[in-house]
Structure formats: structure tokens, C-alpha cells
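> Submitted below is the structure of interest, expressed as C-alpha cells.
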Amino acid sequence: MAAEATAAADLDSPLARAVLTRVQQELSVCERPYVALGAACGATEGEAFAAVEAARAAGIVRRIGASFESSRIGYASTLAALAVAPDDLDRVAALVGAHPGITHNYERDDRYNLWFTLIARGKVARDAELARIVAETGCDDLLVLPAVRLFKIKVAFDVRDDAEAAADSVAAAPAPALARAPLEPARVVAEPLDEADRALVRALQDDLGGTLRPFALAAERAGGHAGRALREAWAVERTRQLLEAGAIRRFGAMVRHRRMGFSSNAMGVWDVPDELALEAGAILSAPAEVSHCYERPRRATWPYNLYTMIHGRDRASCERVAARLHADLADAGIEVEPPRLLLSAREFKKTSMRYFEEDL
């Protein structure tokens with residue numbers, strides 16, 4: 001309760017809300033990124049930095065850094081789910097969460113009640129880790145659901161009120177990203193990364209808050225990993241290159257959405273004819289309330305192929321978004337059943353992946 005009260009206090013001004021909304025989407029890759037952040041929000045560099053630091057001190061911002069597309073840096077990921085006896089769920093969740101490649105681990109209200117994401121250095125390592133999880137937990141009713149196509153990952157929560165959003169829609173929105181076709185991870189050729197690049201990845205996945213010059217800090221930390229001096233200008237330019245190549249999805253703030261009032265999330269799973277999956281994915285990924293949209297393989301016990309992660313302030317808001325998505329599909333001539341909604345009951349683990357730390 002105290003943490004949530006502190007969080008609310010740090011969002012009590014229009015400037016704080018505008019800064020937090022924007023910094024989730026984009027912090028400019030340059031030597032003084034808070035100058036651009038402040039300008040976009042009608043503030044000075046110092047005011048923008050202070051707003052971000054207040055949210056960081058309140059625990060709203062987990063870190064300032066990069067979010068990576070694992071397939072483009074040589075890693076393989078999957079969504080997976082176990083059907084666990086309810087009275088054994090705590091034990092199994094603890095065993096699953098102890099694996100370092102597990103980034104998200106949730107109880108959801110379904111027969112498949114433990115859902116988790118796993119990232120490992122290549123498919124062989126990923127599949128071996130899944131086999132270890134089955135052996136350790138004694139649960140063998142496992143769904144393995146790697147992405148076939150990725151339509152959207154955009155974890156950004158608008159904390160402005162309606163009037164602020166309407167008045168500030170241009171200033172608070174980041175520049176549009178380059179349009180890309182849906183990513184097909186199985187077809188991705190990983191970016192070649194040398195020792196300095198891998199050291200930079202390790203630095204960018206850390207928290208680079210607390211400084212007006214995050215890339216100077218990244219260069220310093222990467223140099224420590226690489227065993228040689230690296231310059232701020234190099235860290236800026238190499239980060240830009242990785243962003244343009246899609247190896248970095250975004251550079252900005254990673255947040256704890258529950259502390260911002262978005263306490264409910266629902267994974268909607270859809271059974272869409274395969275030949276319509278591409279069209280449906282474009283429709284389902286459009287709303288801001290949808291942070292993730294994927295096509296995944298069907299399984300014998302799980303006939304669904306499209307997945308939408310919906311966030312809201314309560315269960316009812318998630319259900320309204322799901323109903324709207326169903327109507328949007330119908331309007332486009334895609335007649336399917338409503339989604340099966342799996343609401344989050346408990347969060348056992350949520351963290352960012354730690355890439356290339358096995359090299360240390």
C-alpha cells in the first residue's frame with residue numbers, strides 16, 4: 001500500500017504523466033537524451049530527468065535501458081504452459097522461476113494454469129531447458145508455443161488523463177517507427193556481434209538511470225566487460241545501428257505497470273483460419289491496450305493460433321477490449337469465435353532477460 005501511495009504521488013502532475021508516458025516508448029539514442037524528452041513534453045532537460053528519477057525512486061520505473069529482440073542476437077525464445085494440479089502450483093512455479101532463462105511466470109485461470117516465457121542461447125539450449133523443467137517438476141502436460149509471427153510488442157502505458165492526451169497527442173507521441181513486416185523468428189539471421197558488442201548488450205540491459213548521459217555510463221560499463229576503453233560516441237552509434245537492425249526493439253523506461261494502476265491483464269487466444277492469420281494479426285495488434293500480438297503453432301490439446309496480451313485497470317476493461325477486437329474482426333469479414341481469455345491470477349516472476357552473461 002505504501003509503495004502504491006508513493007507511486008501515485010509521483011504521477012500527480014501533468015508533466016510527470018507526460019514524461020512517464022513518453023519515456024516508455026522512446027528515449028532518444030544520443031549523448032543528452034533528456035533534452036529531447038523534455039522538449040517533447042514542454043519541459044527542460046532537468047525537469048524531464050527529475051520526473052523520470054522520481055518515478056524510478058518510487059519503483060514505477062524498473063530500469064532505463066534497451067529491450068532486445070532475442071532472435072536477432074542469437075537467442076531462441078518460447079511461450080510455454082504447464083497444466084499443474086492446483087495444490088502443487090506453488091512448488092512448480094518456484095522450480096520454474098528458478099531457471100535463469102525464465103523471464104515471465106504467471107498463474108492464469110485455465111487448465112493450463114502456469115504460463116511462462118523461456119529464452120536461451122539457441123534452440124538446442126532452449127529445448128534442453130524445457131526438458132529439465134519437465135523432469136524437475138514432474139509435470140509433462142506441456143505446451144511449447146514459439147512465435148511463428150510477431151505482429152507487435154509495445155509495452156507502453158498512457159498515464160495521462162483524457163484531456164491531457166487529447167491536448168498533447170502530438171507532443172507526447174514518439175516519432176513513428178519504420179514500418180516492418182511481421183517478424184518470423186525462424187527466418188531471422190542473427191546480427192554478427194563481436195566482444196565489444198556483447199559487452200554493450202550487457203550494459204544496455206542494466207539500469208542506466210541516475211545520469212543525464214546514459215550512453216557514457218553504458219560505454220564505461222561495456223569497457224569494463226570488454227577489458228578496454230570504449231567511447232560514449234561509439235556506444236551511441238552502435239546502439240543506433242542495433243535499433244535500426246531490429247536487434248534492439250526500443251531504448252527507454254521499463255516499468256511496473258501494476259504500480260501505474262494497470263492491475264489487470266488478460267491473454268486472449270484466438271482460433272483464426274490459418275489463411276486469415278496475417279490479416280487478423282494486423283487488426284488485433286492495432287489497439288493501444290494490446291501490448292503483444294503473436295501467431296503461434298496450434299497443438300493437439302490447444303487449438304489456438306493468435307495471441308493478444310491485453311492490459312487494463314480492471315478485469316472489465318480487459319473484457320471490453322476483447323469484445324471490441326472480436327467486433328473489429330467481424331467488421332473485416334473475419335468470423336471467428338470470441339477469444340478464450342486467460343486472466344492473470346498471480347505473478348510469480350517478471351524480469352528482463354540477461355543476455356551473454358554465460359560468457360562471463
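Every read-out reported here was derived from the displayed coordinates using simple, explicitly stated rules and does not represent laboratory data. Note that the structure is a prediction, hence the values are computed from the model and not measured. Please note: Cβ atoms are built from the backbone with ideal geometry, for glycine as well, and neighbour counts cover all protein chains shown.
> Treat each spin label as a single point 7 Å out from the Cα along the C-beta direction, and report the GLU45 to GLU244 distance in nm.
For GLU45 paired with GLU244, the spin-label model returns 2.4 nm.
> Same structure, new question: Under 13 Å between alpha carbons, and skipping anything fewer than 8 positions from LYS349 in its own chain: which aspartates and glutamates qualify?
Here the aspartates and glutamates satisfying the reach criterion relative to LYS349 are ASP90, GLU107.
> Now for a different question. Percent relative contact order of segment 46-121, based on C-alpha pairs within less than 8 angstrom and at least six residues apart?
Relative contact order here is 31 percent.
> Still on this structure, please answer the following. Can you list the residues of segment 243-286 with backbone N under 17 Å from a point 7 Å past the Cα of ASP109, pointing along Cα to Cβ?
263-269
> What is the gain in length, in nm to one decimal, between ARG256 and GLU275 on full extension, counting 0.36 nm per residue of separation less the C-alpha to C-alpha distance?
Result: 3.2 nm gained on full extension.
> What percent do you get for the relative contact order of the chain when only Cα pairs under 8 Å and 6+ apart count?
Over the chain, the number comes to 24 percent.
> Can you give me the distance in nm between label points at ALA300 and ALA282, each placed 7 Å from the Cα along the Cα-to-Cβ direction?
3.6 nm
> How far apart, in nm, are the 7 Å Cα→Cβ label points at VAL336 and CYS30?
4.1 nm
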